[in-house]
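Taking it in order: structure first as structure tokens, then the write-up.
The values are calculated or read from the model by the stated rules, or taken from the named source; none is laboratory data. The shown structure was predicted, so the numbers you read here are calculated from the model rather than taken from an experiment. Heads up, the Cβs are rebuilt from the backbone with ideal geometry, glycines too, and the neighbour counts pull from every protein chain shown. Side chains are part of the model used for accessible areas, which takes the heavy atoms of the whole protein and leaves out ligands, DNA and RNA. Shrake-Rupley method; radii C 1.70, N 1.55, O 1.52, S 1.80 Å.
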Amino acid sequence: GLRLGLRLELLFVSRTLVRQDTAAMASADARRWSGQIAFPGGKCLPQETNVAAAQRETLEEAGLDLTADDFVLLGELPRRFARRGLAMSSFVFLQVCNPEQGQQLRPDPLEVAAAWWVPLSVLATRSEVRTLCLELASSRELPSVLTTGLRLMGVDHMLFPCLALPPPPRDLTTVHLDTLQTVLWGLTLGIVSDLTHAGKIEAAGGLSPTIPGEPRGFSVGTWDGKRSAFASSLLPLLLWPFASRVLHSRSGPMGYDSGRAFWLAGATMVVSLGVLAGMAAARQGLIHPQL
């Protein structure tokens, strides 16, 4: 959501952190997004439209009724591939009334640890973008066969661009501020870039924090943030069939054949992993190039 005032602001939520002692009772989605910065949202109920789901989830999580007169729907951003089998539709709503007189945030402690507005000026920059390193072994983003090949090359981390957000006001949090994670990265940062690009932020002197429309917002490398250019260049090629199967499953603009997509994915992985294995063997001195 967006709201007008002295400056344009975006609404973010921080997902409730799932503790280890309650993880077994939490849903798979709650564990997956535990503690992360996101926009209000969730899965559609049976027979529910995407936009209706966005409105319902925003009311449940942040206490804002997007069907009221003080909000208008501006449009939908391009779909983004969240993971295998799941695509995300993002809708942009604008709060058109005076923020002080309009609806106030009421975060639900069962789902979100905080909900707060962040100035767009904080996000429309690349000078503050840093790198977040996550272990490849714990990744749910990449097929296991690919992570095995990458580890043979000495690649052990995923490298995500990230931004540190200003902390939320204390009265809009349901937990202690010290336990909140306020680092924006991954899918949500990609959506921010799509939004700023669609709003032509460049014309106002700003810049999208990452490349708009980039299908996967990460590269791969080592624990110290050093990027592997060759392995990172393979990722879009390897992941495209999985993303395309979801993104085109309903509209089918190109007569998409999911069976052919998986054949292409398999063929691409076999060829690419053959190259990765060859490079790994060369690194270990098992293959000696001809001089």
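Some points to look at:
- Residues satisfying the stated conditions in the range 218-235, i.e. in a loop (DSSP other than H, G, I, E, B) and not β-branched (Val, Ile, Thr): Phe218, Trp223, Asp224, Gly225, Lys226, Ser228
- Number of positions in the range 198-215 that are buried (at least 20 other Cβ atoms within 10 Å of the Cβ) and out of contact with any helix residue (DSSP H, G or I) (no Cβ under 6 Å at 6 or more places or on another chain): 1
- Checked against the criterion of being surrounded by 14 or more Cβ atoms within 10 Å (Cβ to Cβ), in a helix (DSSP H, G or I) and at pLDDT below 95, the range 27-40 has at least one qualifying residue.
Yes/no matrix, rows are residues, columns are (1) open to solvent by less than 60 Å² (accessible area, probe 1.4 Å); (2) within 24 Å of Phe81 (Cα to Cα); (3) modelled with pLDDT of 90 or more:
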residue: Leu6; (1), (2), (3): no, no, no
residue: Thr16; (1), (2), (3): yes, yes, no
residue: Val51; (1), (2), (3): yes, yes, yes
residue: Ala54; (1), (2), (3): yes, yes, yes
residue: Gly63; (1), (2), (3): yes, no, yes
residue: Leu66; (1), (2), (3): yes, no, yes
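- Screening Gln181 against (1) part of a loop (DSSP other than H, G, I, E, B); (2) open to solvent by 40 Å² or more (accessible area, probe 1.4 Å); (3) closer than 30 Å to Val145 by Cα leaves a single unmet condition, (3).
- Test result for Asp65, in contact with a Ser or Thr (Cβ under 9 Å, 6 or more places away or on another chain), over 23 Å from Thr182 (Cβ atoms) and in a loop (DSSP other than H, G, I, E, B): yes
- Taking the range 136-178 as the range and being surrounded by fewer than 17 Cβ atoms within 10 Å (Cβ to Cβ), touching a strand residue (DSSP E or B) at 6+ places or on another chain (Cβ under 8 Å) and modelled with pLDDT under 85 as the test, the residues that pass are Arg140, Thr174, Val175.
- Summed over the range 103-135, residues that are surrounded by 15 or more Cβ atoms within 10 Å (Cβ to Cβ) and part of a loop (DSSP other than H, G, I, E, B) total 8.
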